[in-house]
Amino acid sequence: MATTFILVKPAKVGEVVYDLLKARKVKTGGKGKGNLIGKLDGLTSAERKVVDDLLANGKKVEIIPTSTQSGVKTLDFLVNGVKTELKTLKNPNINTGVTRIQKGLKQGAETVIIDGRQAGLTTEQARQIINRATGTYSDNKIPGKIEIWTNAGLITYP
């Protein structure tokens with residue numbers, strides 16, 4: 001469990017000075033603070049949220065800079081050294097989820113994270129996305145790892 005201090009009130013209003021004797025110690029759900037390499041500049045709010053969640057779970061996240069070459073797509077992150085692409089869903093459409101998995105893997109990702117939390121994606125819909133994506137490959141095996149994040153939990157493949 002990570003420990004977070006919540007500062008109850010400042011020692012002086014208008015200054016960034018806090019009295020740590022007035023802070024409360026609370027337990028948070030993460031395993032600890034991960035390690036961030038790179039800059040958050042240029043990330044969307046959805047990407048920042050995922051990075052924050054990965055860090056809260058003790059992951060090492062390296063932000064891969066966007067390519068300056070026209071038409072060249074780069075991966076988003078290395079998570080614990082694994083090439084990772086993040087795809088965010090804006091609505092809980094199963095076909096869109098399948099397409100996002102395919103595009104992420106075509107970009108060279110070893111892991112594709114589909115963040116369906118904002119879209120309200122259910123765990124059942126996440127399972128349907130994985131089942132349909134599996135059927136789009138000739139050997140019925142997705143050539144990478146998939147994580148689909150829902151508000152109810154994480155669905156993974158394999």
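Just so you know, all these numbers are worked out from the coordinates, no wet-lab data involved. Here the structure is a predicted model, which means the values were calculated and not measured. Note that we place each Cβ from the backbone using ideal geometry, even for glycine, and neighbour counts take in every protein chain shown.
Here's the list of aspartates and glutamates a cross-link from K87 could span, going by alpha-carbon distance under 16 Å and ignoring same-chain residues fewer than 8 apart: E47, D52, D53, D76, E110, D115, E147. Taking the Cα centre of each part, how many Å lie between the range 109-135 and the range 73-105? Using only Cα atoms to place each centre, the spacing works out to 10 Å.
In this rough spin-label picture, where each label sits 7 Å from Cα along the Cβ direction, the Q69-N131 distance is 4.1 nm.
Amide hydrogen proximity for N93: with H placed 1.01 Å from N in the peptide plane, no residue at 5 or more positions away or on another chain lies under 5 Å.
If the limit is 18 Å between Cα atoms, which of K59/K83; K33/K60; K33/K83; K49/K90; K49/K103 go over it? Long pairs (Cα-Cα over 18 Å): K33/K83; K49/K103.
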